[in-house]
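I'd like to ask you about the structure that follows.
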Amino acid sequence: MPIRPFLTLPLAESSSATLLRRRHLAPLLAGLSAFPALARSAEPAPLQVPGTTQHDLVARGRQRFRVFLHIPAGEPPPGGWPMITVLDANAVMGMVVDVVRLLAFIPREAGVRSAAVVAGIGYATEGPYDLVRRSFDLTPPPGRDIPAEDGRPAARTGGADELLDFIETEVKPLAARSAPIDPERHALLGHSFGGLCALHALFTRGAAFRDYVAGSPAIWWEDNAVLASAERFIARADRPAPRRLLITVGEYEQSLAPWHDPAWQPRMQMMRMVEQARALADRLRPLSGLELRFDSLPGEGHMSAFPVAVQRGVRFILAA
């Protein structure tokens, strides 16, 4: 018997059999013919941070911010979600959300109580930082004008109080409209200038947050001016309590790492990042009503310490 070509019907078959076969083959043939077009039309979709929205808001001082807001899935704790406000969010918002989601997946194993609402303070940029804006927003007053130099643009400093006002008047209400928030469990997390801003917030308006994470804080800024705020905070008889503070700093923030440019050594010695962070922690540790932890991060420099500070900071916040 001759071999029939594939998908060829015998001449002797009836027209009804032919129609039946065509009816069964039609979906297959249609799928085969459509496949190239389907492949051509498929475009890669941008990756989105789960449960996170983006809001462009204007502060009272007419400064524009891009606020990233993450709302956890599932039911909140009885008192509402804790809320973490993250500075420099363009750099680490996705990381913070992922750490929160991972720790909260099996909270008892991770040593945390729940997930958290995360509000990230950022800017309308695709890069990790807006260096001019953060120089103003994250540094305490009175500030000064910094002229352009060596390719660096001119900048103003001293806007931390305006940023903290913006968090109180715009960011916290936005979060409260979006999810139930526990008013007793607000936290602020920042690194470098952001760590300086977190210290400034604790020392000058400590009631705004319960938990403060100061990663690699720029204590050296403006001739160590934040230390005067620390002394005023220490001397207060009406310090808000209980409050919690985590200070982190990388091992290689004051001495050269194997990968560092030796030309950085004089500047690192001027800043004294490790020495000043440890000394401040020792000065604050005896205070009643303040739970303090100081973490030195082995093997980390200034930039590599930021992701580690995020992981330790989120766990520090959510464990209590």
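Could you grab me the full set of residues in segment 79-125 that are crowded, with 23+ Cβ neighbours inside 10 Å and charged (D, E, K, R)?
The answer is 88, and nothing else.
Please verify whether residue 74 is modelled with pLDDT under 95 and either more than 17 Å from residue 186 (Cα to Cα) or assigned to a helix (DSSP H, G or I) (or both), treating the condition exactly as stated.
The answer is yes for residue 74.
On to the next question. Taking residue 128 as the residue in question, decide whether it is free of Cβ contacts under 8 Å to residues at least 60 places away in the same chain, farther than 28 Å from residue 77 by Cβ, surrounded by fewer than 16 Cβ atoms within 10 Å (Cβ to Cβ) and not β-branched (Val, Ile, Thr).
Yes; evaluated as a whole, the condition is true for this residue.
For the list (1) on the phi > 0 side of the Ramachandran plot; (2) in contact (Cβ under 8 Å) with a residue 60 or more places away in the chain, I need the number of the one condition that residue 277 fails.
Residue 277 satisfies every listed condition except (1).
Which of the numbered conditions does residue 193 fail, given that it passes all the others? Conditions: (1) surrounded by fewer than 17 Cβ atoms within 10 Å (Cβ to Cβ); (2) within 28 Å of residue 303 (Cβ to Cβ); (3) out of contact with any strand residue (DSSP E or B) (no Cβ under 9 Å at 6 or more places or on another chain).
Failing condition for residue 193: (1).
Mind listing just one residue for me: the one in segment 84-106 that is over 12 Å from the mean Cα position of the chain (by Cα) and of a type in the set (A, V, I, L, M, F, W, C) and, of those, nearest to residue 124 (Cα to Cα)?
102
The values are calculated or read from the model by the stated rules, or taken from the named source; none is laboratory data. Just so it is clear, the structure is predicted and the values come from calculations on it, not from any experiment. We place every Cβ from the backbone using ideal geometry, glycine too, and count neighbours over all the protein chains shown.
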